[in-house]
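A.B. asks: The structure that follows is given in the form of structure tokens.
The values are calculated or read from the model by the stated rules, or taken from the named source; none is laboratory data. This one's a predicted model, so the numbers in the text were calculated from it and none came from an experiment. Here Cβ is always computed from backbone atoms with ideal geometry, including for glycine, and neighbour counts include all displayed protein chains.
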Amino acid sequence: MQLYIGNKNYSSWSLRPWVLMRQAEIAFDEVKLRFDAFTPDSQFKQAIGRITPTGRVPALVDDGYVVWDTLAIAEYLADKFPEKALWPADRLARARARSLCAEMHSGFGALRNAFPMNIEASLPEVGERLLREDAAVRQDLERLVSMWTQQLARSGGPLLFGAFSIADAYFAPVASRLRTYALPLPAEVTAYVDRVFALPGMQAWVKDALAERDFLDFEEPYRQSRD
């Protein structure tokens with residue numbers, strides 16, 4: 001299988017299936033398409049447009065068959081590798097895990113827009129200011145904290161459904177945002193974020209993201225340079 005992704009420092013959607021597959025020890029070849037722009041004539045759009053009709057990453061190619069969208073990729077992998085137990089085994093827990101992932105997939109727009117993923121950056125002053133100024137951002141953060149707190153209490157941890165699952169991979173990008181912008185969190189949520197970052201799959205992604213030297217101004221609303 002080949003997994004097409006974008007820049008690891010910026011591409012939150014790419015992070016999800018990459019970390020899922022790496023953490024679950026599912027073999028794949030990484031194909032990274034550097035972001036140069038998102039205009040139709042950009043090299044990135046031209047390259048990914050030859051793989052998937054959406055013109056977006058990530059895309060998974062398995063023996064010539066293309067699967068796009070992070071939820072679809074996750075479900076495909078869960079079907080293809082049942083022995084990996086990517087969803088919780090319990091029926092009700094599995095339904096809850098899918099519900100949480102779907103909520104993340106379609107929601108949290110204010111938090112996403114205000115705090116784009118930027119693993120290399122440290123922007124606590126931006127986090128403090130936007131959290132103070134934007135009620136929608138505060139609402140998203142409150143929902144995220146409530147969701148994680150309740151689920152960790154229900155499962156007993158250490159991850160959202162006990163063992164590593166699609167849900168943890170799915171929330172890895174927002175965990176990264178919480179760190180970049182130093183958003184205030186209760187101790188149990190901070191500990192969960194730390195455990196996500198301690199996963200070998202996540203550590204591998206972060207290492208590669210930090211090694212990238214691209215500074216893409218269209219991904220950087222709060223900085224003029226990387227230095």
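A.B. asks: If I filter region 200-215 for residues that are farther than 21 Å from K84 by Cα, part of a loop (DSSP other than H, G, I, E, B), under 19 Å from the mean Cα position of the chain (by Cα) and not assigned by TED's automatic domain parsing to the domain that holds L20, do I get at least one hit?
C.D. replies: Yes, there is a match, as at least one residue in region 200-215 is farther than 21 Å from K84 by Cα, part of a loop (DSSP other than H, G, I, E, B), under 19 Å from the mean Cα position of the chain (by Cα) and not assigned by TED's automatic domain parsing to the domain that holds L20.
A.B. asks: What are the residues in region 122-141 that are free of Cβ contacts under 8 Å to residues at least 40 places away in the same chain and within 19 Å of the chain's Cα centre (by Cα), if any?
C.D. replies: V137, D140
A.B. asks: Sticking with this structure for a sec: If a residue must be of a type in the set (D, E, K, R) and in contact with an Asp or Glu (Cβ under 8 Å, 6 or more places away or on another chain), how many such residues does region 120-156 contain?
C.D. replies: 1
A.B. asks: Kindly list, by first and then second residue, each pair from a residue in region 194-206 that is surrounded by fewer than 18 Cβ atoms within 10 Å (Cβ to Cβ) to a residue that is part of a helix (DSSP H, G or I), limited to pairs with Cβ atoms under 6 Å and residues at least 6 apart or on different chains.
C.D. replies: Listed by first residue and then by second, the contacts come to A204/R22.
A.B. asks: S122 passes all but one of (1) among the hydroxyl-bearing types (S, T, Y); (2) surrounded by 12 or more Cβ atoms within 10 Å (Cβ to Cβ); (3) farther than 28 Å from L185 by Cα; which number fails?
C.D. replies: Of the numbered conditions (1) among the hydroxyl-bearing types (S, T, Y); (2) surrounded by 12 or more Cβ atoms within 10 Å (Cβ to Cβ); (3) farther than 28 Å from L185 by Cα, the odd one out for S122 is (3).
A.B. asks: Check whether at least one residue in region 66-81 is over 30 Å from P158 (Cα atoms), surrounded by fewer than 17 Cβ atoms within 10 Å (Cβ to Cβ) and out of contact with any Phe, Trp or Tyr (no Cβ under 7 Å at 6 or more places or on another chain), and report yes or no.
C.D. replies: yes
A.B. asks: Condition first: in contact (Cβ under 8 Å) with a residue 60 or more places away in the chain and part of a loop (DSSP other than H, G, I, E, B). Now tell me which residues in region 148-182 satisfy that.
C.D. replies: Correct list: L160, F164, S165, Y181, A182.
A.B. asks: Residue check: is F35 in a helix (DSSP H, G or I) and either farther than 23 Å from L159 by Cα or touching a Leu at 6+ places or on another chain (Cβ under 9 Å) (or both)?
C.D. replies: So F35 fails the test.
A.B. asks: Another question, if that's okay. Quick test for you: out of L92, L20, pick the one residue that is of a type outside the set (D, E), over 16 Å from the mean Cα position of the chain (by Cα) and either surrounded by fewer than 20 Cβ atoms within 10 Å (Cβ to Cβ) or within 27 Å of E212 (Cα to Cα) (or both).
C.D. replies: Unique residue meeting the criteria: L92.
A.B. asks: Only one residue in S99, S11 is surrounded by fewer than 17 Cβ atoms within 10 Å (Cβ to Cβ) and either polar (S, T, N, Q) or touching a Leu at 6+ places or on another chain (Cβ under 6 Å) (or both), so which one is that?
C.D. replies: Only one candidate qualifies: S99.
A.B. asks: Evaluate region 136-144: report whether one residue or more is touching a strand residue (DSSP E or B) at 6+ places or on another chain (Cβ under 6 Å) and either of a type in the set (F, W, Y) or under 21 Å from M202 (Cβ atoms) (or both).
C.D. replies: The answer is no, given that none of the residues of region 136-144 is touching a strand residue (DSSP E or B) at 6+ places or on another chain (Cβ under 6 Å) and either of a type in the set (F, W, Y) or under 21 Å from M202 (Cβ atoms) (or both).
A.B. asks: What about V145, is it of a type outside the set (S, T, N, Q), in a helix (DSSP H, G or I) and buried (at least 18 other Cβ atoms within 10 Å of the Cβ)?
C.D. replies: In short, no.
A.B. asks: Mind telling me which of the residues F44, F28, F35 ends up being touching a helix residue (DSSP H, G or I) at 6+ places or on another chain (Cβ under 6 Å) and without any contact (Cβ under 8 Å) to a residue 40 or more places away in the chain?
C.D. replies: Exactly one residue qualifies, and that residue is F28.
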